[in-house]
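The values are calculated or read from the model by the stated rules, or taken from the named source; none is laboratory data. This structure is a prediction, so every number in the text was calculated from the model and none was measured. Glycine also receives a Cβ, built like all others from the backbone with ideal geometry; neighbour counts cover every protein chain displayed. Side chains are part of the model used for accessible areas, which takes the heavy atoms of the whole protein and leaves out ligands, DNA and RNA. Shrake-Rupley method; radii C 1.70, N 1.55, O 1.52, S 1.80 Å.
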Amino acid sequence: MPQYHVPLIIRGRIIDDVDVEFGGRHGSAQFTTPDVTRHLAELPLGTPSSLSELYALSFDDILDYMAELHLRMAFGQNSHLQEAFELARGTSGLTEPLLRRTYQLMRDCFEPGFVREFADSSIGIPYLEGWVTKRMGNGAKVSIRAIGARAVHVVAGNSPLVSSMTVMRNAVLRSDAIIKTPSNDPLTAAACARTMIEMAPDHPLTRHLSVAYWKGGDANAEDVLYQPKNIEKIIAWGGFASITHIAKYIQPGIDLITLDPKLSSTIIGKAGFATPEAMADAAERMAIDIGSNNQEACLNARVAYIQTGTDADGLAKANLFGRMVYDALQALPAALSTPVARVDTQLAEEIQSLAVTSDEHKIIGGGRNGAIIVSQTSEPVDFARILANRVGNLVPVDDLEIPVRSVTAYTQTIGIYPDALKRELRDRLAFHGAQRFVSLGYAARMSYAGPHDGIEPLRRMCKWIIEEEYDASEVPLASKSYAEFEFA
């Protein structure tokens, strides 16, 4: 079994002690790392005012740093990323072609044009650069600024891009970050940090990034670290159990920002089945939304409501469409989707049980290639929440009330076909809880325009500070303006 070492990185300092050993997920790799509990006195930023060195930088200075990092993060020339990739091959849910593409694209997180657009659309660069002043109707002159925070980022391991995006966000916000890495991707964030240290060891952006691994739920680490004197924000990607555990540390002075697992779906209206050409187009788009990155992300489609009707002709059309989607899924390029590395045992058992016992479902495909389950009623399978491994469930409906009412606060992305249907349904879907609407086939193409999971996380990750100024000649003191107040 391959053995790796995961360093502890504290603000530009690399600690390579070999104290403890962990197994990566899926049991195909092991790694050693320093015992983080031995370094808890130095891991938090002890003096919050030291953030001031980040504010000696202009936004253009940050972009210059990002530009150099963008060059150095080229996968073919970066040994740290290559090591992270090798470890992830044994621990990630992504197959090797998908992982390789992800690591090759990772440097784009730091491309200056993208960083500028991301910062401006998510917050507004003037608020990051200084105080934005405006005059209010009550006479107040108000100045507002976005200030960085001391934060712990508990990142997800379903895609290495989560780690690189976290590094970029921290730089944009001029914050101090401790990245707590996941067991199925413990090296990617460290690879970013090591590259930064080699590039500019004394730069403020390098000195305000720490990367550590500890087993989630380790009270010896978290009881000490998760205190208001140490951190102000916890940004947590994780499942129900993980978020529930972290929530117990929330108290005045600590803000929890959760990016918890969501489910995504599809709505295809009548127009998608009006002609053979429309069906072929919708099927290819549907396959992309199911298969991108092997359905590892929350934004991947699981259940698709298709307005074919539920009479005999409608079911025949639904079953034909299921075969078209399955065939399109198999034809996706290897850089986008592949047969999965490991089949989820519970899901495989559920599908097998349907095949044996149910007349209300038609199963097309199976195993590592994925499958399309076509319901023969207007009900999704009862295990829809665990659909994965490139498995989608097509649900025929007569009208669109069923998909609208199926939406809950757990619903993240809904791919809709045709586009005109988005504008017809988006308000009602939002009322029910949906958080993102996208043209069918583009669910995995993120715009990074600001909102994510129904919130604006970048705005939550910083502190919003307000200064108010009043001119007594224009706004009299309350002791004077209230002197003549008469009670009714």
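Looking at ALA219, ALA193, ALA189, ALA156 in this structure, which one is farther than 15 Å from LEU8 by Cβ, among the aliphatic types (A, V, I, L, M) and buried (at least 20 other Cβ atoms within 10 Å of the Cβ)? Show your work before the answer.
On the way: ALA219 fails: buried (at least 20 other Cβ atoms within 10 Å of the Cβ); ALA193 fails: farther than 15 Å from LEU8 by Cβ; ALA189 fails: farther than 15 Å from LEU8 by Cβ.
On inspection, the qualifying residue turns out to be ALA156.
Could you grab me the full set of residues in segment 41-68 that are outside any helix (DSSP H, G or I) and crowded, with 16+ Cβ neighbours inside 10 Å? Can you show your working first?
Keep residues of segment 41-68 that are outside any helix (DSSP H, G or I), which gives 41-47, 57-58.
Of everything in segment 41-68, those that are outside any helix (DSSP H, G or I) and crowded, with 16+ Cβ neighbours inside 10 Å turn out to be LEU43, PRO44, LEU45, LEU57.
When you check GLY130 against the structure, is it open to solvent by less than 70 Å² (accessible area, probe 1.4 Å), farther than 22 Å from THR195 by Cβ and at pLDDT below 95, yes or no?
No, not satisfied.
This table checks each residue for (1) closer than 18 Å to ALA297 by Cα; (2) basic (Lys, Arg); (3) in contact with a Leu (Cβ under 7 Å, 6 or more places away or on another chain); (4) buried (at least 21 other Cβ atoms within 10 Å of the Cβ).
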{"site": "ILE363", "(1), (2), (3), (4)": "no, no, yes, no"}
{"site": "GLY367", "(1), (2), (3), (4)": "no, no, no, no"}
{"site": "ARG385", "(1), (2), (3), (4)": "yes, yes, yes, no"}
{"site": "PRO396", "(1), (2), (3), (4)": "no, no, yes, yes"}
{"site": "ASP399", "(1), (2), (3), (4)": "no, no, no, no"}
{"site": "PRO403", "(1), (2), (3), (4)": "no, no, no, yes"}
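List the number of the failed condition for PHE321; all other conditions in (1) under 26 Å from ILE416 (Cα atoms); (2) of a type outside the set (Asp, Glu); (3) at pLDDT below 95 hold.
The one condition PHE321 does not meet is (3).
Give the residues of segment 444-468 that are open to solvent by less than 80 Å² (accessible area, probe 1.4 Å), over 19 Å from ARG150 (Cα atoms) and touching a strand residue (DSSP E or B) at 6+ places or on another chain (Cβ under 6 Å), sorted by residue number.
Within segment 444-468, just ASP453 meets the criteria.
Look at GLY113 and say whether it is more than 17 Å from the chain's Cα centre (by Cα), at pLDDT 95 or above and of a type in the set (Gly, Ala, Ser). Talk me through it step by step, then tell me what you get.
Working: more than 17 Å from the chain's Cα centre (by Cα): yes; at pLDDT 95 or above: yes; of a type in the set (Gly, Ala, Ser): yes.
Yes; evaluated as a whole, the condition is true for this residue.
Where in segment 214-322 are the helices (runs of 4 or more DSSP H), entirely inside, with at least 1 residues that are basic (Lys, Arg)? Break it down into steps so the answer makes sense when it comes.
Details: elements: 219-225, 240-247, 276-291.
Those helices (runs of 4 or more DSSP H) span 276-291.
Report whether or not ASP344 is crowded, with 24+ Cβ neighbours inside 10 Å, within 20 Å of LEU94 (Cα to Cα), acidic (Asp, Glu) and within 24 Å of the chain's Cα centre (by Cα). Before the answer, list the steps.
On the way: crowded, with 24+ Cβ neighbours inside 10 Å: no; within 20 Å of LEU94 (Cα to Cα): yes; acidic (Asp, Glu): yes; within 24 Å of the chain's Cα centre (by Cα): yes.
No: the conditions fail for ASP344.
Name the pairs: first residue in segment 355-374 and on the phi > 0 side of the Ramachandran plot and free of Cβ contacts under 8 Å to residues at least 40 places away in the same chain, second residue open to solvent by less than 90 Å² (accessible area, probe 1.4 Å) and assigned to a strand (DSSP E or B), Cβ to Cβ under 8 Å, at least 6 apart or on different chains?
These pairs meet every condition: GLY365/ALA371; GLY365/ILE372.
Kindly provide the set of residues from segment 222-257 that are modelled with pLDDT of 95 or more, of a type in the set (D, E, K, R) and either surrounded by fewer than 17 Cβ atoms within 10 Å (Cβ to Cβ) or closer than 24 Å to HIS452 by Cβ (or both), ordered by number.
ASP223, LYS229, GLU232, LYS233, ASP255 - these are the residues of segment 222-257 that are modelled with pLDDT of 95 or more, of a type in the set (D, E, K, R) and either surrounded by fewer than 17 Cβ atoms within 10 Å (Cβ to Cβ) or closer than 24 Å to HIS452 by Cβ (or both).
VAL142 passes all but one of (1) of a type in the set (A, V, I, L, M); (2) at pLDDT 95 or above; (3) within 30 Å of GLN30 (Cα to Cα); (4) touching an Asp or Glu at 6+ places or on another chain (Cβ under 7 Å); which number fails?
(3)
Of the residues ASN230, ASN319, ASN293, only one is under 19 Å from ILE179 (Cβ atoms) and of a type in the set (S, T, N, Q); which? Show your work before the answer.
On the way: ASN319 fails: under 19 Å from ILE179 (Cβ atoms); ASN293 fails: under 19 Å from ILE179 (Cβ atoms).
None of the other options fit; the residue is ASN230.
Might you let me know whether segment 271-279 holds any residue that is within 24 Å of THR408 (Cα to Cα) and open to solvent by less than 50 Å² (accessible area, probe 1.4 Å)? Quick ask: steps written out before the conclusion?
Step one: list which residues in segment 271-279 are within 24 Å of THR408 (Cα to Cα), which gives none.
No, the conditions are met nowhere in segment 271-279.
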